[in-house]
1. Go through the range 43-70 and count every residue that is surrounded by 15 or more Cβ atoms within 10 Å (Cβ to Cβ) and either among the β-branched types (Val, Ile, Thr) or within 18 Å of the chain's Cα centre (by Cα) (or both).
2. Yes or no: residue 26 buried (at least 19 other Cβ atoms within 10 Å of the Cβ), in contact with a Ser or Thr (Cβ under 7 Å, 6 or more places away or on another chain) and part of a helix (DSSP H, G or I)?
3. Give just the number: which of (1) open to solvent by less than 60 Å² (accessible area, probe 1.4 Å); (2) more than 17 Å from the chain's Cα centre (by Cα); (3) closer than 28 Å to residue 209 by Cα does residue 77 not satisfy?
4. Taking into account only those residues within the range 18-66 that are free of Cβ contacts under 8 Å to residues at least 40 places away in the same chain and among the β-branched types (Val, Ile, Thr), which is farthest from residue 184 (Cα to Cα)?
5. For the range 85-107, name all the residues that are open to solvent by 50 Å² or more (accessible area, probe 1.4 Å) and assigned to a helix (DSSP H, G or I).
6. From the list 124, 110, exactly one residue is open to solvent by less than 10 Å² (accessible area, probe 1.4 Å) and polar (S, T, N, Q). Which is it?
7. So residue 161 fits all but one of (1) closer than 24 Å to residue 94 by Cα; (2) under 16 Å from the mean Cα position of the chain (by Cα); what number is the exception?
Amino acid sequence: MKRYDLVIFDWDGTLMDSVSKIVACMQQTARELSMLVPSEQAIRDIIGLSMDEALNVLHPSACEQTRENMVNVYRKQYLQLNQTPSPVFEGAEQLLLSLKASGHQLAVATGKARAGLDRVLNETGFHQHFVASRCADEAKSKPHPQMLHELLSLLDVAPEKAVMIGDSVHDLNMASNAGIDGIGVSYGAHSVPKLQEANPVAIAEYPLALLPLITGKAGSAACGACCGT
């Protein structure tokens, strides 16, 4: 099995169980502004995109002022009003610690803005695990490969030695566009059939099932059970 030197993680739906909160906040934002309320699936399908791209998909006819209002209402919902829990996934920190102990470099490429990522990294204490990160307000939105290209260049890692881990086709398509492998996780925004559309090298059903896929150590029985491809 292949071993990767650099492991790049998406955040929402991959390390943090925040999909339900994002859905709830997006729907409540639309209600407050008397707009058409998107379905849960429609919102799941934009998770991972930048806010601008998400609004282009969910509310393509919204004017600039309405878009600004939506961003402000959504931010207030997410940070202050909505009480939907968004813990890190069980096993996520153990996964990160195990990968670091095995000599892997860890990074983040997320649809969050920089302020949002820094906030959750500090709240969870996960900032200590990552050597670099790129956010949606610093580069072009997924699935454009800019975030991954910049991380590879910054850390001097060849594409064949890196892997992108994510819960959406946007993550996996970004990996493909950057010329690196992608591994999907089925416990976030997108189902196994949806993830398979982006041709990942594997799909994991829970965080610790990623460990043998990333390290190349095939001895774990979990590997055979977690692969969706």
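The values are calculated or read from the model by the stated rules, or taken from the named source; none is laboratory data. Model, not experiment: these values are computed from the prediction. Methodologically, a virtual Cβ is constructed for each residue, glycine included, from the backbone with ideal geometry; neighbour enumeration extends over all protein chains shown. Heavy atoms of the whole protein, side chains included, go into the accessibility calculation; ligands, DNA and RNA do not. Shrake-Rupley method; radii C 1.70, N 1.55, O 1.52, S 1.80 Å.
1. Going through the range 43-70 one residue at a time, the tally reaches 12.
2. Against the criterion (buried (at least 19 other Cβ atoms within 10 Å of the Cβ), in contact with a Ser or Thr (Cβ under 7 Å, 6 or more places away or on another chain) and part of a helix (DSSP H, G or I)), residue 26 does not qualify.
3. (3)
4. 66
5. Within the range 85-107, 93, 94, 97, 100, 101 qualify.
6. 110
7. Residue 161 satisfies every listed condition except (2).
To keep it simple, each residue is scored yes or no on (1) within 14 Å of the chain's Cα centre (by Cα); (2) of a type in the set (Gly, Ala, Ser); (3) more than 20 Å from residue 169 (Cα to Cα).
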residue	(1), (2), (3)
122	no, no, yes
136	yes, yes, no
139	no, yes, no
147	yes, no, no
152	no, no, yes
